[in-house]
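Structure record follows, encoded as structure tokens.
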């Protein structure tokens, strides 16, 4: 399986962060609209990512739900028919939820910098440092931490889990307060 080191952080001013990304030489941006459908999965996460052009990716991944840089193992498979695949996977496994976002992708060497506007949640940044086969996870973690520092992202901004977890937490909190 492919591996990367990931971090996710809340962002108060996404335009200011974007200016910092551009200032340190991030190549981009590539705007991407994403519609992620998550399915019930016992041993990790399974999501179908649909794009505006009618294509998609089925992505299985496994990582710890913790703040800060963490190792993620993943497998991606391209699809030309995400709508039919979503229907089949929903019938087979059950849909857990859906996350829609507008993403700006920048590249800094082997690191993907995502500036995300997530429907119902707000603005976030993700870093994904792609690891080479056999490379120690610590190398990517150091790289992610150095890039966080260069971008002015504080450890207090880091979040655990996936966007879906945050949306589910928001829904659960609203249900408790009603």
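Scan the stretch 26-36 for residues that are under 21 Å from residue 163 (Cα atoms) and either in contact with a helix residue (DSSP H, G or I) (Cβ under 8 Å, 6 or more places away or on another chain) or assigned to a helix (DSSP H, G or I) (or both) and report the count.
Initially, the stretch 26-36 is screened for residues under 21 Å from residue 163 (Cα atoms), giving 30-36.
With either in contact with a helix residue (DSSP H, G or I) (Cβ under 8 Å, 6 or more places away or on another chain) or assigned to a helix (DSSP H, G or I) (or both) added as a condition, the list becomes 36.
Residues meeting the conditions: 1.
Does residue 95 qualify as being in contact (Cβ under 8 Å) with a residue 24 or more places away in the chain, in contact with a strand residue (DSSP E or B) (Cβ under 9 Å, 6 or more places away or on another chain) and surrounded by fewer than 18 Cβ atoms within 10 Å (Cβ to Cβ)? So residue 95 fits the description; yes. When the stretch 21-49 is filtered for residues that are farther than 30 Å from residue 79 by Cα and surrounded by fewer than 16 Cβ atoms within 10 Å (Cβ to Cβ), the ones remaining, listed by number, are 22, 23, 24, 25.
Of everything listed in (1) free of Cβ contacts under 8 Å to residues at least 60 places away in the same chain; (2) more than 23 Å from residue 154 (Cβ to Cβ); (3) surrounded by 19 or more Cβ atoms within 10 Å (Cβ to Cβ), the single unmet condition for residue 53 is (3). Taking the stretch 1-25 as the range and being under 25 Å from residue 160 (Cβ atoms) and not in a strand (DSSP E or B) as the test, the residues that pass are 1, 11, 12, 13, 14, 16, 17, 18, 20, 21.
When 150, 117, 142 are checked against the criterion of being over 17 Å from the mean Cα position of the chain (by Cα), touching a residue at least 12 places away in the same chain (Cβ under 8 Å) and surrounded by fewer than 17 Cβ atoms within 10 Å (Cβ to Cβ), 150 stands alone in meeting it. Restricting attention to the stretch 45-76, the residues that are in contact with a strand residue (DSSP E or B) (Cβ under 8 Å, 6 or more places away or on another chain), modelled with pLDDT of 95 or more and part of a loop (DSSP other than H, G, I, E, B) total 2.
The values are calculated or read from the model by the stated rules, or taken from the named source; none is laboratory data. Just so it is clear, the structure is predicted and the values come from calculations on it, not from any experiment. As a convention, Cβ positions derive from the backbone with ideal geometry for all residues, glycine included, and neighbour counts pool all protein chains shown.
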